[in-house]
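Participant: My questions all concern the structure below.
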Amino acid sequence: MRRLARHRIGLLAAAIIILIEITLGNLPFWTSIGAPKPTAVNDTHVMLGAGLVESGDGVLRVTDPTAAYIDVSVADEQVRYVRYDFGGGSPRKASEHGESAKFSWNPRVRLDAGTADAADTTDAAVTTDDSVRWHTGRVVGVSHGVKATHVIRNRAYDGDVVRLRLWVQESSGTQFAFHRIVVNVHPSFRISPVRILVMAAVAAILIALRPRSRLYAMPLDTADRRQRLALAAAVVPFLVAFGFTIWSGINQGPQVFHRPFAYTYDMDQYARLGDALLHGRPWLDLPVPQEIMNASDPYDVAFHERLLATGTNEVYWDHAYFNGHWYSYFGVVPALLLFVPFQAITSLWISGGAWLPASVATVTFLIGFLVFGLLLVVRLFTRFFPTASVGSTVLAMITFACGSNAWVLWMRPSFYEIPTASALMFTMMGLWFWLGARSGGADAYEGGVPDDRGAFADDSDAGRLSRARIAAGSLCMALTLGCRMTFIFCALFFLPIFADEIRSGLVLRPIGMLLPRRWRLGSWKTQARGRRVPPHVFASWRNDLVALLPAFMVFAGLLWYNLWRFGSLLDFGNDYQFTVVDLTRYREPLVVLPQIVGYYLFQPPRLTGTFPWLTVPYTPVSPWQYHERIIGGLFWMIPVCLLVFLIPPMRHALRRHRAWGLTCMSLMLGVFELLFVSYKGGLDWRYACDFSWLFTLPGILMIPIMMEWTRTRLMLESPGITRTARMARAAVIVLVLWTLFMTVASSFMTGRASPLITSNPVVFYTVQSWFVW
């Protein structure tokens, strides 16, 4: 009985999951009991609208979307469900082939119900066709790979109907498989293992993170093997997804897309850059139209439109043109690290080598970001909050994984995401190395007293620095300049991370000499009265050298690369790209800056009546600046960021934990990156990855601060104070769970760029079928 009492919450959750699976999970089965007997109507007994024609064995094609429907006669009876059977139709059996032919395995359809004209109805959405009055249903998706979507509920009319009309909501030229329609089908009773696992995972998260969970009383211990295994297990699902990405990347062909009289979209741009570097040239091996080479102003957008109107194909979107060649203006570091080695190694058995898919490269960098991001959270807590609990650490990890917006890059792993994904990974690596460079704790320089040469007089281990980690951190930070340039400003984190070392003269002593004497540590603070210790300005040269030399080497290489391409050290080629405006002349309007900043921070998502009940809001920008429809504002999508407003009243606690400088630097960089991206880049949720993690980091640091605050007040006997402390702890947990929910829900949004419904329709329709009955 004691064991049952100990696991009563888990048993209760299991009972609720079973009950939900049997009842709500099989609601179509229960509601179809007593329905009329099923009637199968195959493709030879249905009437096709004028907008549908046969296009092969078991394949139909849309020729006119306004008349693309399938009519089925019904014997004047009530119809609750119909089943759409795909049959054996496939792209191979379709009569239309080639790049222009489109075959959909997930057609969107709408089931309308027709009643006799004399039928009494109050439905406003009715139309009359001869002797039939039509009632409009809802648009749903039918996915070949998800059997639950094959059963379509009649939402148009609940009474007796005489005809059913299945409208195909696809564009002209779309082909799809169709065999027959089964009227009044009885949905089968089924147990979904995937749904049960998802509900079990949700229950486990809620139980583990509930306010009275034992995780909040369990101290974080990096030496604990069980905690290490738990951290490793958290990465396993992402590694499995990485395996699927590799498998799909192997089977994909060249990612070059062209439509007549339009730009050519080359998604293999990084692979081409790697190939160019292997052949000793900075430009891409792409043909340049003679008209562009002879043009007096090749960057004029009107000239591009006239050129495209003539049928010229070799006008590449988002490529930089300079002196007769196409270039890639994206950072070169990812090409050097992944694409060049991959092509070089595969050339041992493939002539010329194989090209690494951009999706594999993106997810590789994102896996690295995830691993080092989680390790960074652990290192932050062990350095600044040594008494932090496992529960607080888990909350912080969830917040960081969601708040970084890296999942947006994962959802669309194209070459556009490679610069940001690689920059995120190197930034996390750099911070992780820097934070681990000190062997002592936060008060390492209060005990040991370094002399004016930077050595400790008592030969203690306090405050000793790992020069290898300093160098590795500087190298990683410098590499961000060759990935996405905006991340280079994160190198300023060196100042708060090594603030004690600067104040004690161990690092960047010339800067420490400029500080007031009361701010100094070590020998500068404890020197005997009346004696003046020689400053030895360059006594920290060894530590300074390992911190600066790797960065200078990377900067020199990147500047030489610019000189090699464009003849200028500081010309990164961004203004030479072919895009919607002529960037050599375009000047961003400053008046739109408040609009874009407001959208990035405060724009709420738009609610809808269909799954996933969220869609992208309208974000007009006037006058024109580049913008795409974003998911929602930062404080709506990552509500943990609201904790930054508690930083002023909690500043003394942050200072006590030596995290005040890191918090302020993160906020300042976040504001700077937000303004810079809004002004120079415009509005795009992909750009939010530049600054969202900088606003999330202070929120993460506030989690252990708030947990410590609640823990001290729970020790008091005052009922009012105890109640307030419990509410504060619950509020922090709710904010984290809200952040997790918004991340999961927004990944199913259909109005954003590269939605899941197109990139992975099986996952989308599987989850949708759980909520649509």
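The values are calculated or read from the model by the stated rules, or taken from the named source; none is laboratory data. Not measured: the values here are computed from a predicted model. Because the Cβ atoms are built from the backbone with ideal geometry, glycine has one as well, and the counts that use them run over all protein chains shown.
Participant: With the condition kept exactly as written, say whether any residue in region 159-170 is under 29 Å from residue 115 (Cβ atoms), more than 33 Å from the chain's Cα centre (by Cα) and of a type in the set (Asp, Glu).
Facilitator: In the first step, residues of region 159-170 are kept if they are under 29 Å from residue 115 (Cβ atoms); the result is 159-170.
Adding the requirement that they be more than 33 Å from the chain's Cα centre (by Cα) leaves 159-167.
Now drop any that are not of a type in the set (Asp, Glu), which leaves 160.
Yes: region 159-170 contains one or more residues that are under 29 Å from residue 115 (Cβ atoms), more than 33 Å from the chain's Cα centre (by Cα) and of a type in the set (Asp, Glu).
Participant: Would you confirm whether or not region 732-753 contains a residue that is buried (at least 17 other Cβ atoms within 10 Å of the Cβ), closer than 24 Å to residue 383 by Cα and touching a Gly at 6+ places or on another chain (Cβ under 8 Å)?
Facilitator: There is no residue in region 732-753 that is buried (at least 17 other Cβ atoms within 10 Å of the Cβ), closer than 24 Å to residue 383 by Cα and touching a Gly at 6+ places or on another chain (Cβ under 8 Å).
Participant: Shifting gears a bit: Would you be able to say whether some residue in region 342-354 is in a helix (DSSP H, G or I), touching a Cys at 6+ places or on another chain (Cβ under 7 Å), assigned by TED's automatic domain parsing to the domain that holds residue 283 and not polar (S, T, N, Q)? Step through it out loud before you land on a result.
Facilitator: As a first pass, look at region 342-354 and keep what is in a helix (DSSP H, G or I): 342-346.
Checking which are touching a Cys at 6+ places or on another chain (Cβ under 7 Å) leaves us with none.
No, because not a single residue in region 342-354 is in a helix (DSSP H, G or I), touching a Cys at 6+ places or on another chain (Cβ under 7 Å), assigned by TED's automatic domain parsing to the domain that holds residue 283 and not polar (S, T, N, Q).
Participant: Could you tell me which of the residues 667, 694, 683 is touching a residue at least 24 places away in the same chain (Cβ under 8 Å), among the hydrophobic types (A, V, I, L, M, F, W, C) and in contact with a Pro (Cβ under 9 Å, 6 or more places away or on another chain)? Give the steps one after another, and end with the answer.
Facilitator: Values: 694 fails: in contact with a Pro (Cβ under 9 Å, 6 or more places away or on another chain); 683 fails: in contact with a Pro (Cβ under 9 Å, 6 or more places away or on another chain).
Being touching a residue at least 24 places away in the same chain (Cβ under 8 Å), among the hydrophobic types (A, V, I, L, M, F, W, C) and in contact with a Pro (Cβ under 9 Å, 6 or more places away or on another chain) holds for just one of 667, 694, 683, which is 667.
Participant: Considering only residues that are surrounded by 12 or more Cβ atoms within 10 Å (Cβ to Cβ) and in a helix (DSSP H, G or I), which ones fall in region 216-231?
Facilitator: 216, 227, 228, 230, 231
Participant: Of all the residues that make up region 367-380, how many are buried (at least 23 other Cβ atoms within 10 Å of the Cβ) and either free of Cβ contacts under 8 Å to residues at least 24 places away in the same chain or in contact with a Leu (Cβ under 6 Å, 6 or more places away or on another chain) (or both)? Walk me through how you get there before you give the answer.
Facilitator: Residues of region 367-380 that are buried (at least 23 other Cβ atoms within 10 Å of the Cβ), as a first pass: 369-370, 373, 376-377, 380.
From what is left, the residues that are either free of Cβ contacts under 8 Å to residues at least 24 places away in the same chain or in contact with a Leu (Cβ under 6 Å, 6 or more places away or on another chain) (or both) are 369, 376.
Of the residues in that region, 2 qualify.
Participant: Still on this model: May I ask you to list the residues in region 755-771 that are touching a Ser or Thr at 6+ places or on another chain (Cβ under 8 Å) and either closer than 16 Å to residue 245 by Cα or not in a helix (DSSP H, G or I) (or both)?
Facilitator: 756, 761, 762, listed by residue number.
Participant: Turning to a different aspect of this structure: From 634, 646, 607, 601, grab the single residue that is buried (at least 20 other Cβ atoms within 10 Å of the Cβ) and either within 30 Å of residue 771 (Cβ to Cβ) or in the same structural domain as residue 582 (by TED's automatic domain parsing) (or both).
Facilitator: Numbers: 646 fails: buried (at least 20 other Cβ atoms within 10 Å of the Cβ); 607 fails: buried (at least 20 other Cβ atoms within 10 Å of the Cβ); 601 fails: buried (at least 20 other Cβ atoms within 10 Å of the Cβ).
None of the other options fit; the residue is 634.
Participant: With respect to residue 96, determine if the residue is at pLDDT below 80, within 41 Å of the chain's Cα centre (by Cα) and either of a type outside the set (A, V, I, L, M) or in a loop (DSSP other than H, G, I, E, B) (or both). Working first, answer last.
Facilitator: Working: at pLDDT below 80: yes; within 41 Å of the chain's Cα centre (by Cα): yes; either of a type outside the set (A, V, I, L, M) or in a loop (DSSP other than H, G, I, E, B) (or both): yes.
Yes: the conditions hold for residue 96.
Participant: Now a separate question. Hand me the list of helices (runs of 4 or more DSSP H) wholly inside region 622-728 holding 2 or more residues that are at pLDDT below 90 and basic (Lys, Arg).
Facilitator: Numbers: elements: 634-637, 651-656, 660-676, 692-714.
By residue number, 692-714.
Participant: Quick check on region 751-761. Is at least one of its residues over 27 Å from residue 609 (Cβ atoms) and touching a Phe, Trp or Tyr at 6+ places or on another chain (Cβ under 6 Å)? Walk me through it before giving the result.
Facilitator: Kept after step one, since they are over 27 Å from residue 609 (Cβ atoms), are these residues of region 751-761: none.
No: region 751-761 contains no residue that is over 27 Å from residue 609 (Cβ atoms) and touching a Phe, Trp or Tyr at 6+ places or on another chain (Cβ under 6 Å).
Participant: Out of the residues in region 460-518 meeting the condition of being among the hydroxyl-bearing types (Ser, Thr, Tyr) and more than 30 Å from residue 677 (Cβ to Cβ), tell me which one is surrounded by the fewest Cβ atoms within 10 Å (Cβ to Cβ).
Facilitator: Going through the qualifying residues, I end up with 460.
Participant: From the residues in region 195-215 that are assigned to a loop (DSSP other than H, G, I, E, B) and out of contact with any Gly (no Cβ under 9 Å at 6 or more places or on another chain), which one is nearest to residue 740 (Cα to Cα)?
Facilitator: Start the filter on region 195-215 by keeping residues that are assigned to a loop (DSSP other than H, G, I, E, B), which leaves 209-213.
Then keep just the ones that are out of contact with any Gly (no Cβ under 9 Å at 6 or more places or on another chain); that gives 210-212.
Working: 210: 15, 211: 17, 212: 20 Å.
Only one residue tops the list, namely 210.
Participant: Follow-up. Where residues in region 302-340 are in contact (Cβ under 8 Å) with a residue 12 or more places away in the chain and charged (D, E, K, R), which of them is nearest to residue 485 (Cα to Cα)?
Facilitator: Among them, the one singled out is 318.
Participant: So, residue 546, is that one among the β-branched types (Val, Ile, Thr), more than 29 Å from residue 674 (Cα to Cα), in contact (Cβ under 8 Å) with a residue 12 or more places away in the chain and surrounded by 14 or more Cβ atoms within 10 Å (Cβ to Cβ) or not? Show your work before the answer.
Facilitator: Values: among the β-branched types (Val, Ile, Thr): yes; more than 29 Å from residue 674 (Cα to Cα): yes; in contact (Cβ under 8 Å) with a residue 12 or more places away in the chain: yes; surrounded by 14 or more Cβ atoms within 10 Å (Cβ to Cβ): yes.
So residue 546 fits the description; yes.
Here's the yes/no breakdown for (1) under 28 Å from residue 763 (Cα atoms); (2) in contact with a helix residue (DSSP H, G or I) (Cβ under 9 Å, 6 or more places away or on another chain); (3) modelled with pLDDT of 90 or more:
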| position | (1), (2), (3) |
| --- | --- |
| 91 | yes, no, no |
| 106 | yes, yes, yes |
| 113 | no, no, yes |
| 139 | yes, no, yes |
| 158 | no, no, no |
